[in-house]
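The values are calculated or read from the model by the stated rules, or taken from the named source; none is laboratory data. Keep in mind the model is a prediction, meaning the values are calculated, not measured. Don't worry about glycine lacking a Cβ; one is built from the backbone with ideal geometry, like all the others, and counts go over all protein chains shown. What goes into the accessible areas is simple: the full protein's heavy atoms, side chains included, and nothing from ligands, DNA or RNA. Shrake-Rupley method; radii C 1.70, N 1.55, O 1.52, S 1.80 Å.
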Amino acid sequence: MAKTYKNIVILTGAGISAESGLATFRSENGLWNNHKVEDVATIEAYWKNPDYVHDFYNQMRPELMVAKPNKAHLALTELQDKYPSKINIITQNVDTLHEKAGNKNVWHIHGQINQIVCMNCGHVFETWGDISSEDVCPQCGIAAMLKPNIVFFGENLLYMDKVEKLLQTCDLFISVGTSGVVYPAAGFVQVAKFAGADTIEVNLEETSNNYLFDRHIYGKAGEVLPHLVQELIKQKEEA
Ligand code: APR
């Protein structure tokens, strides 16, 4: 009998957005090849030179605002529409391509490029425009405390209580387009596996925690993920 699942968790990384034209972080022309992480993605860098950090994300916003979801994101919408089970998407990506594709239950553990958080009062608001240290929080009125709502190295991830519960109760964990080198996200597969989940990795190549995956599907996510989704839907229909 074909196996079916009740609680599916999908972890996505920059690789799922690559076919939408967005740069990943660690490929040869990745974001971390043209900027040092310690200059633009740490909380220390933000406090030391907030406007240098603001400029990095200000330049990123227009491209991400117009980016379009690709077949991989759309395949997840089809899975959520046609596979009757709880399907949650935990994404490390700060783009909004999952939402643009119609994906539901998306958890941005590293935050979102179109959100700003006030470091004084915690207020989060949306904008696709530029932010600088001159801007004032619309909630508390304090200036120079606005930061992209993006989790910097040295900060806590978002939604981790929810993520823990999802990982502890899932019976299928699918990782799509992540190099598996940044923790805690890189450790999620182990939590799921120890909780008894089947684990599948979708990537162009073998990754550093590939030993934790029961199955590897190598190829571009936009090409191979739709086939995996069809296989899962068919299994469910035949069950
Ligand atoms: N299809 C599938 N996988 C792909 C594709 C594609 N078209 N293109 C690239 N990949 C894979 C690469 O092989 C690589 O394993 O996507 C992965 C991208 O890895 P990274 O660039 O390291 O991005 P990611 O894993 O999302 O980084 C995690 O690191 O710097 C932090 O906050 C940042 O969220 C990011 C985190």
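Would you mind finding the one in ASN34, ASN70, ASN105 that is of a type in the set (S, T, N, Q) and either touching a helix residue (DSSP H, G or I) at 6+ places or on another chain (Cβ under 6 Å) or within 12 Å of the ligand (Cβ to nearest atom) (or both)? Explain how you work it out, then say what you get.
Values: ASN34 fails: either touching a helix residue (DSSP H, G or I) at 6+ places or on another chain (Cβ under 6 Å) or within 12 Å of the ligand (Cβ to nearest atom) (or both); ASN105 fails: either touching a helix residue (DSSP H, G or I) at 6+ places or on another chain (Cβ under 6 Å) or within 12 Å of the ligand (Cβ to nearest atom) (or both).
Answer to the selection: ASN70.
Which one is nearest to the ligand (Cβ to nearest atom), of the residues in the stretch 134-151 that are open to solvent by 30 Å² or more (accessible area, probe 1.4 Å) and touching a residue at least 24 places away in the same chain (Cβ under 8 Å)?
From the stretch 134-151, those open to solvent by 30 Å² or more (accessible area, probe 1.4 Å) are 134-136, 138-145; that's our starting set.
Next, from what is left, pick out any that are touching a residue at least 24 places away in the same chain (Cβ under 8 Å): 142, 144-145.
Details: ILE142: 27, ALA144: 24, MET145: 22 Å.
The qualifying residue nearest to the ligand (Cβ to nearest atom) is MET145.
For GLY219, which of the numbered conditions (1) near the ligand (Cβ under 8 Å from one of its atoms); (2) at negative phi fails to hold?
Result: GLY219 fails condition (2) only.
For the stretch 39-83, give me the residue count where each residue is part of a helix (DSSP H, G or I) and either touching a Ser or Thr at 6+ places or on another chain (Cβ under 6 Å) or touching a residue at least 12 places away in the same chain (Cβ under 8 Å) (or both).
31
Give me the pairs, please: first residue somewhere in the stretch 169-189 and within 12 Å of GLU201 (Cβ to Cβ), second residue anywhere and modelled with pLDDT under 95 and open to solvent by 30 Å² or more (accessible area, probe 1.4 Å), beta-carbon distance under 6 Å, and either six or more positions apart or on two chains.
Close Cβ pairs satisfying both conditions: SER179/ARG26; GLY180/SER208.
Kindly provide the set of residues from the stretch 1-38 that are hydrophobic (A, V, I, L, M, F, W, C), modelled with pLDDT of 95 or more and in a loop (DSSP other than H, G, I, E, B), ordered by number. Working first, answer last.
Residues of the stretch 1-38 hydrophobic (A, V, I, L, M, F, W, C): 1-2, 8-11, 14, 16, 18, 22-23, 25, 31-32, 37.
Filter once more, keeping what is modelled with pLDDT of 95 or more: 8-11, 14, 16, 18, 22.
Listed by number, the list holds a single entry, LEU22.
What's the number of the condition VAL94 fails, among (1) part of a helix (DSSP H, G or I); (2) in contact (Cβ under 8 Å) with a residue 40 or more places away in the chain; (3) not basic (Lys, Arg)?
(1)
Just to verify a result, which residue in the stretch 163-196, among those that are within 20 Å of ALA72 (Cα to Cα) and among the hydroxyl-bearing types (Ser, Thr, Tyr), is least open to solvent (accessible area, probe 1.4 Å)?
SER175
Mind listing just one residue for me: the one in the stretch 209-239 that is among the basic types (Lys, Arg) and not in a helix (DSSP H, G or I) and, of those, most open to solvent (accessible area, probe 1.4 Å)?
Ranking the qualifying residues of the stretch 209-239, first place goes to LYS220.
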